[in-house]
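Following: one structure in structure tokens, then a few remarks.
Just so you know, all these numbers are worked out from the coordinates, no wet-lab data involved. None of the values given here were measured: they were computed from a predicted structure. Here Cβ is always computed from backbone atoms with ideal geometry, including for glycine, and neighbour counts include all displayed protein chains.
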Amino acid sequence: MPELRYGAATGLPGPLDLGAPLQRELRGWSALALAALAIAGVFALLLALSRVPGIEGVFPWPVGFFHKGLVIHVVFSFVVWFLAVFAAITVLATHAAAGPHPRLRWLGQAGITGLAVAMPLLFVPALLDRGEATLNNYVPTIIDPLYYAGLGVMGLAVALPVLRLFANLPGRRPGVLAPMAAGAGLSYLAALVAFGAALVLLRGETPSYAFNENLFWGGGHVLQFLNTQLLLIGWIVLAGLVLGRSVGDRTGLAAVGFLAAVALAAPALYLAFPPFSAAQTQAFTDLQYALGPAALAVALAVAAGWRARGQWREPAYLYLALSLPVFAVGGAFGLFVDGTDTRTPAHYHGVIAAVTLVFMGFVITVFLPALGRPVARSRALLWHVWLFAGGQLAACIGLFLAGTFGTPRKAAGAEQGLEHLGAVIGMALNGGGGLIAVIGGIIFVWIAARALLSTPERQHAPAVKAALP
């Protein structure tokens, strides 16, 4: 892997610049992120197999398993993994703003402890066959006090490093990473406010599918602003690593700020419309139209500044180059969703896969080198990127194809009603692509975890320069 060239505008630290406390934090958040992705991958494999046509004749997949397995897979791959990476980014942003000795340093370790406590609470109800799974949107749920407690602890745990970042912003000119991460932090706090407002309005109601749908609908939409902001940050950082200079940083800062402003206004929809009415539901849905222009602006800015050629053997280049078309396909599929068939998961699987590719790139090319644990370029590393990106692309195309023939979402086995050949081909493509993507994910987790558990290569400290464009 070539020397990583960090620059002043983004302000990423070298491996020994973080200081021991922030290094421990970055390592802790990275470990939790990898654990979440590993758990999600195990259940992704089981779910992909359970949707292959005819599999119910080989192994009698219980419907209860599919529903609870789907809850675990989605929450760990789409919520826990994303938020753990976000918290890790705030560690780097806090360093950029305040150096190795930030104010309220203890909040970071408290957040790590909180998420470590929350993860078993989100997992145990399914293992103990407790509660009922509700496949509501954004944060699917198992109706059990332990599960709800896990969600609450996780929300608070991730808020702690975000609040610390805000406390350390004044007084320095930290480049663009810190203010962009702070913009993402505003969206995260807005999502927590939306969840809190919905919970207050729902007080006294018995938990059910409708309860969870109303609880997580508004805040779940706001979380998509956070996810999009993190994707944009990732594109800018990876492009900077590939080119050795800043690319699209001003556009990115403006786009992240715009999304933060919209996200901050979103909780007001609980006041502007009758609670949980059709008008309010549609208003939250319409927020999505702010995401596309922001993402397109940064993608075009990165493409306009891209002069790299022939770097297909460089990991940072691969993560960036493959995330762009996967995101584009997922976004295009979003034009056809109606919420009932598998075109809907085709859309969000493509978009989520793009974000995950960027996050994988962050772990390999930013987090681990910043910890003094760089990963050497290898065939396995490059193959993992191709397998994950190609598998996810095939899986979401298969879902879209099956959805055009009416295959229902959130169903498995005979419940899918695969009567048309096109639906059978689509779901087979989804299952095969999902299996390939899981293999790519397993390779990634193995490579990253092995590096994270290794001894820091302090002799390589000068190789990572604090010099971002």
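Using the Cα gyration tensor of segment 338-402, with a ≥ b ≥ c the square roots of its eigenvalues, what is the shape: rounded (a/c below 1.5), prolate (a/b larger than b/c) or oblate (neither)?
Oblate.
Taking amide H positions as placed 1.01 Å from N in the peptide plane, with prolines and chain starts having none, which residues 5 or more places from Thr134, or on another chain, fall under 5 Å of its amide H?
Here Thr141, Ile142, Ile143 satisfy the definition.
Could you tell me the calculated FRET efficiency between Phe273 and Trp106, based on Cβ-Cβ distance and R0 = 35 angstrom, to the nearest 0.05?
Details: r = 40 Å, r/R0 = 1.15.
Computed FRET efficiency for Phe273 and Trp106 comes out at 0.30.
Give the whole-number value, in cubic angstrom per residue, of the convex hull volume spanned by the C-alpha atoms of segment 57-205.
For segment 57-205, the hull spanned by Cα atoms encloses 130 Å³ per residue.
For segment 124-187, what mean projected area does the convex hull of the alpha carbons give, in nm²?
The orientation-averaged projected area of the Cα hull of segment 124-187 comes to 5.6 nm².
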